[in-house]
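Asker: Take a look at the following structure, please.
Nothing in this text is a laboratory measurement; each read-out follows from the coordinates by a stated rule. Note that the coordinates shown come from a computational prediction; the quantities given were computed from them, not determined experimentally. All Cβ positions, glycine included, derive from the backbone under ideal geometry; neighbour counts span all protein chains shown.
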Amino acid sequence: MVTVWGHPDPTTSKRAPKYMNGISWKTCVDSCFKDVNCLLAYGNSSEYCGMYSFGDVSKVDNLETVALDKVSFRVTSAPDTCEPVPQMISASNPISTSSEYSSYQILQVPSAFNIEFTKTIETTTNPVSERRCENDMFMLTGNRRTGCYSIYLEAVDYTTAKKRCVSMDGALMIIPSSKDWSWIRTSMEMVFRKWLDSQCTVHFGIELTDSNTWSWTLPELIEDDSGYIWAKNEPNPENKCAWIQGQPFPGVPQLVTHSCSDLATGYCCYFANMTM
């Protein structure tokens, strides 16, 4: 097993088929090593352990976060001596336990590790169709978009909300275009079980960039720039974070800036490659 800083890319990875909470990183890696179907183990400072099989992950974002995210790859063709990471992982690794893949190779690129699989047989079955939204999720459809999203009621700040989504193999949801605000209102009302008001606040994936402009954090879902619907007198240049705030009927929720340490009443996570 070869360990690096980082986590499975939330926009392209499937959800971990096996996961455990409250265990040490050593136990997590050992569990993956003993499971012949485990390609990599992912853990963080919350003692979460996710184990991914062949084909579940094609990219690992390589960065050290506050959560100390780390990934340990199964490598069966490593050199006999300890070498730098690129040399340890770059060889082709045969797979004997998968009917779909015969081998895989891990390639280090700037800020990421790409995992390339060699298929044994070309199948006509679309693996995306086998992944289902859970009962507490909503389906996201439309041009360039697939997957599911879910709103979780938990009073956390923006950074913690991001970590929560990543720990579930997701990412904070965005607003792809202005027409999507209608389902935001409907989803929030279903989760909060009340008419919306300004006390209903939900973290979404929007951040202030280095160029001092606001940007959604999942650009691959964006249809146009019409999704930025700000409340009156917003954005406030003194605030560095923003959330979606409910508005009394018939108004639609709006973007409102706030202090990054403020706690919202919930957060919305996006999960890629899932269907109903």
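Asker: Determine, for 188, 1, 168, the number of other Cβ atoms within 10 Å of each Cβ, and report the residues in order from fewest to most.
Answerer: The most exposed by this proxy come first: 1, 168, 188.
Asker: Taking the Cβ-Cβ separation of residue 226 and residue 259 as r and a Förster radius of 25 Å, what is the calculated FRET efficiency to the nearest 0.05?
Answerer: Efficiency, from the Cβ-Cβ distance: 0.40.
Asker: Please list, or write none, the lysines whose alpha carbon is within less than 25 Å of the alpha carbon of residue 240, excluding same-chain residues fewer than 8 places away.
Answerer: 162, 163, 232
Asker: So, one more: What full-extension length gain, to one decimal in nm, is calculated for residue 186 and residue 240 as 0.36 nm per residue of separation minus the Cα-Cα distance?
Answerer: This chain segment gains 16.7 nm when fully extended.
Asker: Please give the peptides 43-55, 211-223 ranked by average Cβ packing (other Cβ atoms within 10 Å per residue), highest first, as a rough proxy for protection.
Answerer: 43-55, 211-223
Asker: Could you let me know the centre-to-centre spacing of segment 199-219 and segment 231-264, using Cα atoms, in angstrom?
Answerer: 10
Asker: When we measure straight from the Cα of residue 34, which lysines land under 25 angstrom away, once same-chain ones fewer than 8 places off are left out?
Answerer: 14, 18, 26, 59, 70, 119
Asker: Sticking with this structure for a sec: Among 148-156, 171-179, how do they line up by average Cβ neighbours within 10 Å per residue, starting with the highest?
Answerer: 171-179, 148-156
Asker: Packing-wise, with mean Cβ within 10 Å as the measure, how do 202-209, 25-32 rank, highest first? Can you show the working numbers first?
Answerer: Working: 202-209: 21.2, 25-32: 17.6.
Ranking the peptides 202-209, 25-32 by packing returns 202-209, 25-32.
Asker: If I stretch the segment between residue 24 and residue 3 completely, what's the gain in nm (0.36 nm per residue apart, minus their alpha carbon distance), one decimal?
Answerer: 6.1 nm
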